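Single-structure report; data block below.
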Amino acid sequence: MALPASTFTTYTAIGNREDLSDVIYRIDPTDTPFMSGAEKEKATAVNHEWQTQALAAANPANAQLEGDDPTTSTTTPTVRLGNLCQISYKVAQVSGTQQAVDHAGRDNELAYQEMLKGLELRRDLETILVGTNQAKVAGNTTTPRQTASILSWIASNTSMSTSGSPANPSPIDGTSTRTDGTQIAFTEARLKSVLSSIWTNGGKPGVILTGAFNKQVFSTFTGRATAIEDAKSKKIVASVDAYESDFGKLKVVANRFQRSRDVLVLEMDKWAVAYLNGRNMISLPLAKTGDSERRQILAEYALVARNEKSSGGVFDNTAS
């Protein structure tokens, strides 16, 4: 096979139009399970506060005399807690020329970049809220405020390593962080101990968040040590998406943005993200200083731990 002499081909041609698809393909994950599941509420001050209430312990000796003149029972006061609003933002900037030329895959370059920065900011927030071991920081004119992450609140219902000086945050008010211990295997027995503790404290968790490795470990727990083949549908099922515990059914969700060493057991309606008035993922036009346009995508928010006893965690797990 040979090319006939003087045949004009694309290799020498000048002026052939480009063939550029009008679709842009993106694979980076944008699913944020914690932020999607947590409730949203409004903050009206930088220090967002709430209260928790505990009942007196059940008294098995509560037997009284007939005709007794009762004495007043001890009153249990509320506990006042709070977290600080953290500011996080991304900035998009597009030159006037880039905004003016024709684009493939998007009509408006600035709007497209705003959308991308919004997705990136949401990923940042998910990582900050559940993927960092971060205590709250009051901040000042040179230090930014920081909101205490979920790892600074969960302390009542936990399973930790037995070595490496692991410790729960103390006090449980967002001012301290976890002390990580030597990593050990994530086991069903450890999970069951946390679920039992949560139930004893009155919690009703519905979601378990894991990293990729321990999601696969979860799928080997009792009853699922081997894959199940459904001959009728020609499908092999090797994963666990729900866990039927002694204390209720929980959804098992892999979260790319939390620490792979943590397994979080959460009652989602006891967690919220409070956004300061008018500061929930907003786009702010910035001053024009040259031949370009800038947009600041901003959120000012605080994590709200409505009652950490409703949730728990299996910590210090191996991640590979």
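Nothing in this text is a laboratory measurement; each read-out follows from the coordinates by a stated rule. Just so you know, these numbers come straight off a predicted model, no measurement behind them. In this analysis, Cβ positions are derived from the backbone assuming ideal geometry, glycine residues included, and neighbour counts consider all displayed protein chains.
A few remarks follow.
- Against the main long axis of the alpha-carbon atoms of the chain, helix 188-200 sits at an angle near 60°.
- Stretchable slack from Y89 to N108, in nm (0.36 nm times residue separation minus alpha-carbon distance): 4.7 nm
- Ranked by how many other beta carbons lie within 10 Å on average, peptides 115-123, 148-156 from highest: 148-156, 115-123
- With the charge dipole of segment 71-194 set up from +1 on Lys and Arg Cβ and -1 on Asp and Glu Cβ about the Cα centre, the Cα lying farthest toward the positive end among the listed residues A104, P77, I154 is that of P77.
- In segment 254-320, Rg over Rh equals 1.19, where Rg is the alpha-carbon radius of gyration and Rh the Kirkwood radius from pairwise Cα distances.
- Take 64-73, 289-298 and order them by the average number of nearby Cβ atoms within 10 Å per residue, most first; the result is 289-298, 64-73.
- For segment 142-181: relative contact order, % (alpha-carbon pairs under 8 angstrom, 6 or more apart): 41
- Mean Cβ neighbour count within 10 Å, used as a protection proxy, ranking 278-285, 183-190, 214-221, 309-316 highest first: 309-316, 214-221, 183-190, 278-285
- Annotation note: GluC sites (Glu not before Pro) in segment 9-51 located in DSSP loop regions with a Cβ neighbour count of at most 15 within 10 Å are E18.
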